[in-house]
Amino acid sequence: MNTLTLSRRALNLLTSGSSLPTTSCLSASPSSFVQSSHLSTIRLLGRDYPADEETNVSAHLLKHTDRLLHLQKQHPLQIVKQRIVENMQAKYLWNNRSPLFSHYDNISPIVTRAQNFDELLVPGDHVSRQRQDNYFINKDLMLRAHMTCHDSDMIRSGLDCFLTTGDVYRRDTIDRTHYPVFHQMDCVRLFSTWELEEFAQDPKNFKAFADEGSPADPNIQSCHTTEAVKIMEYSLKSTLIGLVQSLFGRCKYRWVEATFPFTYPSFELEILYNDEWLEVLGCGILMQDILVKSAVPKKVGWAFGLGLERLAMAMYNIPDIRLFWSEDERFLKQFRVDNIHRPIKFEPYNNYTSRARDIAFWLPANFVENDFYDFVRDKLPRDTVEDIKLIDNFSKGDRTSHCYRLTYRAWDRHLTSEEANHIHDTLATEVTKIGGVVR
Ligand code: DAH
């Protein structure tokens, strides 16, 4: 492997008496890897939003907001979505006629922090709120980090049983299973007491809510009765096993205890896939406080959420999450099926040479790794970087240096060594431009 720890071009820039400061006095400004910090407006889905010091949406990301892959006919994500909707709607009918669950897949991804966090009871200091993990448009608005963010509004609008599908946005590393935009489905089912009654031991005396002062069961919310939770948990788990088996056939599965701020108790479902346990969804009994705040204090309910990419990658053997964004016919044509239930095995077509190069630099103040990953995506478009790994980390005095190994590739051909060098030099120059010190 050709390793270039010291970018020659970057070093030249530093030492050639250019207007750039010299190494010794170079100090990068705080969060200087955040590209959007200088913008005054952010154009998103046809509208301008004022930017402020909270803005961290990247140019790379903005290009993805209008693709709506889950609405693109015969796209693998759209096919999986359709199969899930069909399964849920066929299983639950109202008056034996119309589907109980309604489905919404065109809700704007621009939400308030209150929708994404507060309404779901996410504590103020919860890790999921961090700037380094979310894309903020400004201090009020963000790109949703999960589809659960619409649950309160949907419930408040009068819906008891619904599914939502959409694109969600999270800052993360660069590799074959992570992409800053992916797709989720969320589902809520609410019950009135009388709907649970028919499954109770003694329907006449059944109660969904615990009497005040009754002994507390630590495994459930104190306002619920154990029997109501048992009935709901059975309904939730059998729904989900049915759903997963409709996608994967008969497979081994297990329930794992989980923690989400918006459900208690909470679970994750894992299936045995290619000899490994694969987590496929999160779920639980909705926190009553959410229902109280959504104006349905007398109902109880369950919810679940799942990622479409993860399911589709397993179902169709798709090896890289970035393939979903491909406009290459060789990818798309493999999913042009007349029947969405037909088994599909994706045939890889782009096993091209990739090339690794290393870059090491002194970290600017307030550095977070996700800032660097977004920077790389912005500066090297078309997902040229296949993978990025921190391979070395050392401190000298009050300075810290990181060394990253970047694997470069082209999507439609082998990458030559010269091309990789050129791409790598471009990146080193960009790092230098923003005041980073390439070692
Ligand atoms: N929102 C969760 C996530 O993105 C997934 C989830 C878990 C959704 C439990 C739910 C739920 O509706 O009940 O990881």
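The values are calculated or read from the model by the stated rules, or taken from the named source; none is laboratory data. All figures in this text were calculated on a predicted structure; none of them were measured in a lab. Glycine also receives a Cβ, built like all others from the backbone with ideal geometry; neighbour counts cover every protein chain displayed.
Can you tell me which of (1) within 30 Å of Tyr234 (Cα to Cα); (2) touching a Pro at 6+ places or on another chain (Cβ under 9 Å) is the one Phe346 doesn't meet?
Condition not satisfied by Phe346: (1).
Exactly one condition in (1) in contact (Cβ under 8 Å) with a residue 60 or more places away in the chain; (2) within 25 Å of the chain's Cα centre (by Cα) is false for Ser192; which is it?
(2)
Determine which single condition Phe206 fails, assuming it passes every other condition in (1) more than 16 Å from the ligand (Cβ to nearest atom); (2) out of contact with any Asp or Glu (no Cβ under 7 Å at 6 or more places or on another chain).
Exception for Phe206: condition (2).
Those residues that are under 16 Å from Leu306 (Cβ atoms) and either aromatic (Phe, Trp, Tyr) or assigned to a strand (DSSP E or B) (or both), I need them from segment 209-248; list them, please.
Phe248
All but one of (1) within 19 Å of Ile344 (Cα to Cα); (2) surrounded by fewer than 17 Cβ atoms within 10 Å (Cβ to Cβ) hold for Asn87; which doesn't?
(2)
If I ask for residues that are within 11 Å of the ligand (Cβ to nearest atom), in a strand (DSSP E or B) and either surrounded by fewer than 19 Cβ atoms within 10 Å (Cβ to Cβ) or of a type in the set (A, V, I, L, M, F, W, C) (or both), which ones from segment 154-200 would you list? Don't jump to the end; show me each part of the working.
So the first thing to find is which residues in segment 154-200 are within 11 Å of the ligand (Cβ to nearest atom), and the list is 163-164, 168, 170, 182, 184-189.
Okay, now just the ones that are also in a strand (DSSP E or B), so 163-164, 168, 182, 184-189.
Listed by number, the residues that qualify are Leu163, Val168, Phe182, Met185, Cys187, Val188.
Being more than 30 Å from Gln72 (Cβ to Cβ), modelled with pLDDT of 95 or more and of a type in the set (A, V, I, L, M) is true for just one of Leu363, Leu390, Leu332. Which residue is that?
Criteria check complete, one pass: Leu390.
State the number of residues belonging to segment 377-412 that are polar (S, T, N, Q) and under 23 Å from Asn56 (Cβ atoms).
2
Can you tell me which residue within segment 55-72, out of those that are part of a helix (DSSP H, G or I) and modelled with pLDDT of 95 or more, is surrounded by the most Cβ atoms within 10 Å (Cβ to Cβ)?
Top of the filtered list is His70.
Just the residues that are modelled with pLDDT of 95 or more, among the charged types (D, E, K, R) and part of a helix (DSSP H, G or I), please, taken from segment 73-92.
Lys81, Arg83, Glu86 - these are the residues of segment 73-92 that are modelled with pLDDT of 95 or more, among the charged types (D, E, K, R) and part of a helix (DSSP H, G or I).
Filtering segment 133-153 down to residues that are surrounded by 20 or more Cβ atoms within 10 Å (Cβ to Cβ) and assigned to a helix (DSSP H, G or I), which residue is nearest to the ligand (Cβ to nearest atom)?
Once the filter is applied, the top-ranked residue is Thr148.
Inspect segment 118-129 for any residue being touching a Leu at 6+ places or on another chain (Cβ under 9 Å), surrounded by fewer than 23 Cβ atoms within 10 Å (Cβ to Cβ) and of a type outside the set (Asp, Glu) and give the result as yes or no. Show your work before the answer.
Of all residues in segment 118-129, those touching a Leu at 6+ places or on another chain (Cβ under 9 Å) come to none.
Checked segment 118-129: no residue is touching a Leu at 6+ places or on another chain (Cβ under 9 Å), surrounded by fewer than 23 Cβ atoms within 10 Å (Cβ to Cβ) and of a type outside the set (Asp, Glu).
Considering only segment 109-152, state which residues are within 17 Å of Val188 (Cβ to Cβ) and free of Cβ contacts under 8 Å to residues at least 40 places away in the same chain.
If the condition is that a residue be within 17 Å of Val188 (Cβ to Cβ) and free of Cβ contacts under 8 Å to residues at least 40 places away in the same chain, then Val111, Gln115, Asn116, Arg144, Cys149 are the ones that fit.
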